[in-house]
Structures are given as C-alpha cells and as structure tokens.
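Below: the structure, in structure tokens.
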Amino acid sequence: MIYRRRASPMHAARAGATCAYCAGLAIAALVLSAPLALAAVALALVGAAVGAGVWPQIRRAALFALPLGLLVMVVNAIVVRDGLTVIARLGNWPVFGQVDVTLEATVAGAVLGLRAVELILCGALYTAAVDPDEVLRLFRRFSFHSALTATLATRMVPVLARDARRLADAQRCRPGRPPSRAALMRAATSGVLDRALDVAAALEVRGYAAAQRPRRGWERQRPYSRHDLAFAAAGVGIPVLAIGGRLVGWARFSSDPALHAPVGVGGALLAAALLACALLPFADRKGIE
C-alpha cells in the first residue's frame, strides 16, 4: 500500500488538512463506544475511501483487520467474566476454570474489535491518501530529526514491499518451485541498509540538509484552497462531535453488569452528524485535477 496521486478532493488538499482529517476519525473511534456511533465512523471511513479513490487499498487493509477484530471479540468473550446473560457454557478449562460466555462480554468485545478495525483503516487511509513528501515538509518546519523519522516511517515499508514483489516476479520467471514468503522476506530485508542509504541520498537531493526554508518558495506562495479548509474543518469537527456526544450522553454504552446501549434521537443525530461532517468535504470535486 503506497501513495499515488489521484484526482480526488482529499488528494487536492494539503497534507496538514488531510492528516487532521485522519486523526479526527481516529479520535472519534477511540472516544466513542456506542455501536451506532462506531458504525457511523466505519461508514465514514468507507465513504472517505471511495471518495478519495483508494477503496481497493482500504479493502485489502480491511481484509487484514477484520480477523484481528474477530480475535479481539472472541478473546474478550472468553476471558471477561462480567455480564448476567449467559449464552454459552464451555465447561471447565485448564487455568481458566469454568468458562461461561455472556452476551455482555461478547458485545463489549465486538465494540473493542470494531474500534481496532477502524484504527487500522484510519492508518490505511492516511498511507494511501496523504502525500508523504508534503508530510516531510510539514515536519521539517519543527525538527529535522522529526522529518527524518516521519519519512523513514512512511517510505521504508512500501519500498521493501515493492522489492519483495519484484523478487517474487523474478522468481516466478524461473523454473522450479516458487519461493516461500519467509525466503522473500529474508531477501527483501537483507538489503534494508542499502535501501536506507538510497533514501538518505534522495532526502539530500530534495534539500533535506538545507539550513533554512526559502522565503518565497512555491509552498509558501500556494494559497489555501477550499479543499484545505473543508478537510481541516472536518478534522476539527469530527472529534468535537465525538467528545461532545460522549459528554452529553448521546453515545451511552455499558456492559457491566447488564447491556445498556439505548438508541435514542440524540444517538441517531450524533451518527448522522458524524457521517455528514466526514463526507461533506468530498462533495466539492472542482479543481481536483
């Protein structure tokens, strides 16, 4: 999964605005616990992926994240003993003792699993739709070391993934048994230091070692567009809605000792507001080329 420039409102916005947008969705996933509100965040992530034209990449990330979410739900249902409604008695297990699966623990595990899936999808959306070069310039304003760390974090994994794909294609052209994933991983990571030197050379060519930023560069002259303002506003509005809905009680959820997740007018309004705030920046598709 790597960044490619596409004709979408999210790709047309600045990296700072789109980073705030992804961070706002992640904060909402962490703050909210009500199933309806978390479902709205999940739909917002799917809509953002479709609007940004990166749905195939997000779908691959979802195929990786969904088994992890199911694992979180199953482990929570088995380990947690809270809850009054027993839905399965699994008998006496070594170390664990009597294992009774309750509805409350299962639903709480599903909420935790959905939250984990949404956090992974937020990271996937950031990787696929936020320009890493602009993130480098953004971090460079504060610290050269921060810029280097951000660049290596966003660049090295996709670079190694491309190397592994090229090695696999080359091996398939040769007769005999195809290589295993472990062999490809060893071959790709064996040259990680050489790849790091290549990245350092690319950073030097891009002016990473410059003492100060030019005063009249293109980056400073570029005016803020309506896409920048829309995604920045959504990046602020989404966590404000999530925190406000949590404080006023519109996103109530509890599973100890009994399940309590009412779906009222306030919860429905909060879910609709989150969806609208997350998807409205994609409505304006002018000037995205």
Listed residues LEU247, LEU241, LEU269; which is touching a helix residue (DSSP H, G or I) at 6+ places or on another chain (Cβ under 8 Å) and either part of a helix (DSSP H, G or I) or crowded, with 17+ Cβ neighbours inside 10 Å (or both)?
LEU241
Determine, yes or no, whether LEU84 is of a type outside the set (D, E, K, R) and within 24 Å of TYR3 (Cα to Cα).
no
When both residues are 6+ apart or on different chains and their Cβ atoms are under 6 Å apart, which pairs have a first residue that lies in segment 81-104 and is under 19 Å from LEU259 (Cα atoms) and touching a residue at least 60 places away in the same chain (Cβ under 8 Å), and a second that is assigned to a strand (DSSP E or B) and not hydrophobic (A, V, I, L, M, F, W, C)?
GLY83/THR102; THR85/THR102
Top-ranked residue of segment 138-149 - restricted to ones that are of a type outside the set (D, E, K, R) and part of a helix (DSSP H, G or I), ranked as modelled with the highest pLDDT:
LEU138
Checklist (1) at pLDDT 70 or above; (2) surrounded by 14 or more Cβ atoms within 10 Å (Cβ to Cβ) applied to PRO257, failing item
(2)
Looking for whichever is modelled with pLDDT of 90 or more, over 13 Å from the mean Cα position of the chain (by Cα), surrounded by 14 or more Cβ atoms within 10 Å (Cβ to Cβ) and of a type outside the set (Gly, Ala, Ser) here; the options are LEU25, LEU43. Which one fits?
LEU43
Looking at GLY47, GLY24, which is the one that is assigned to a helix (DSSP H, G or I) and in contact with a Gly (Cβ under 8 Å, 6 or more places away or on another chain)?
GLY24
What do you reckon, is ASP82 modelled with pLDDT under 85 and either touching a helix residue (DSSP H, G or I) at 6+ places or on another chain (Cβ under 9 Å) or under 23 Å from ALA271 (Cβ atoms) (or both)?
yes
Could you check segment 50-69 and list, in sequence order, the residues that are under 18 Å from ARG285 (Cα atoms) and either within 12 Å of the chain's Cα centre (by Cα) or assigned to a helix (DSSP H, G or I) (or both)?
VAL50, GLY51, ALA52, TRP55
Please verify whether segment 120-127 includes one or more residues that are under 30 Å from ALA29 (Cβ atoms), touching a Pro at 6+ places or on another chain (Cβ under 9 Å) and at pLDDT 70 or above.
yes
Taking segment 70-104 and keeping residues in a strand (DSSP E or B) and closer than 21 Å to LEU38 by Cβ leaves THR102
Checking the conditions here, which among VAL117, VAL135, VAL107 is of a type in the set (Val, Ile, Thr), surrounded by 13 or more Cβ atoms within 10 Å (Cβ to Cβ), part of a helix (DSSP H, G or I) and at pLDDT below 80?
VAL135
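The values are calculated or read from the model by the stated rules, or taken from the named source; none is laboratory data. This structure is a prediction, so every number in the text was calculated from the model and none was measured. A quick note on method: Cβ atoms are made from the backbone with ideal geometry, for glycine too, and the neighbour counts reach across all protein chains shown.
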